[in-house]
Amino acid sequence: SVSHDFILATLRFFGFGPIMINIARTILSGRIGGIITPEGLTKLFYFLSGSGQGDPVSTYFFCFCIEILLIRFKLCTSLEKVAVPNPHYADNREILEIAAFADDINELLRATESNINNAKLILDQFFRISDLEINAGKTSVIPCATQTPRQFCCSKHYLV
């Protein structure tokens with residue numbers, strides 16, 4: 001659930017004008033709800049994040065917002081990317097880029113503790129600005145072709 005402020009800031013970042021920003025603000029604002037508990041309905045409150053499950057526009061808001069995270073990963077010089085042989089490139093190698101589909105993101109990095117820590121730092125920073133937190137329970141670090149795979153066999157603890 002992305003904060004409304006971050007959604008609006010993201011739209012401004014991508015060049016949407018004031019009319020579109022106001023339309024987005026209208027879509028996002030004024031929604032109230034409560035939580036049904038065994039004791040009954042809680043006090044009603046305003047939603048300050050998300051745009052409503054099933055709302056067609058929520059997909060577009062999310063995609064724009066997650067693009068900020070993807071750009072951050074792509075431009076980060078403190079992450080050592082994986083390169084594979086590829087004769088179609090001038091230096092005969094291709095740097096593998098981050099890939100995402102909806103809320104599934106795959107980033108291919110060299111298996112180093114520094115990379116794990118830097119990736120976690122980026123995810124933590126993104127959470128602080130967007131309120132969108134990584135689900136550590138569904139997150140995996142999968143080392144591939146490392147010389148010392150045991151070093152990372154329990155690397156999930158880096159994401160907690």
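I need a count of the residues in segment 58-101 that are assigned to a loop (DSSP other than H, G, I, E, B) and in contact (Cβ under 8 Å) with a residue 24 or more places away in the chain. Selection size over segment 58-101: 6. Inclusion of R110 among residues that are among the basic types (K, R), open to solvent by 90 Å² or more (accessible area, probe 1.4 Å) and at pLDDT 90 or above is not warranted. Scanning segment 127-160 for residues that are open to solvent by 40 Å² or more (accessible area, probe 1.4 Å), in a helix (DSSP H, G or I) and modelled with pLDDT of 75 or more turns up F127, R128, I129, G137, K138. Does segment 1-9 contain at least one residue that is out of contact with any Pro (no Cβ under 7 Å at 6 or more places or on another chain), within 23 Å of I134 (Cβ to Cβ), assigned to a loop (DSSP other than H, G, I, E, B) and open to solvent by 70 Å² or more (accessible area, probe 1.4 Å)? So far as segment 1-9 goes, yes, one or more of its residues are out of contact with any Pro (no Cβ under 7 Å at 6 or more places or on another chain), within 23 Å of I134 (Cβ to Cβ), assigned to a loop (DSSP other than H, G, I, E, B) and open to solvent by 70 Å² or more (accessible area, probe 1.4 Å). Scanning segment 102-126 for residues that are under 15 Å from the mean Cα position of the chain (by Cα) and part of a strand (DSSP E or B) yields a count of 3. Pairs linking a residue in segment 103-129 that is under 15 Å from L69 (Cα atoms) and of a type in the set (V, I, T) to a residue that is assigned to a helix (DSSP H, G or I) and open to solvent by less than 70 Å² (accessible area, probe 1.4 Å), with Cβ atoms under 7 Å and 6 or more positions apart or on different chains, are I122/F73; I129/F6. Go through segment 14-47 and count every residue that is at pLDDT 95 or above, under 18 Å from S130 (Cα atoms) and surrounded by 13 or more Cβ atoms within 10 Å (Cβ to Cβ). Total satisfying the criteria: 1.
The values are calculated or read from the model by the stated rules, or taken from the named source; none is laboratory data. Worth saying up front: this structure is predicted, and the values here are computed from it rather than measured. Here the Cβ is made from the backbone with ideal geometry for all residues, glycine too, and neighbour counts use every protein chain on show. Protein only, heavy atoms only, side chains kept; ligands, DNA and RNA dropped before computing areas. Shrake-Rupley method; radii C 1.70, N 1.55, O 1.52, S 1.80 Å.
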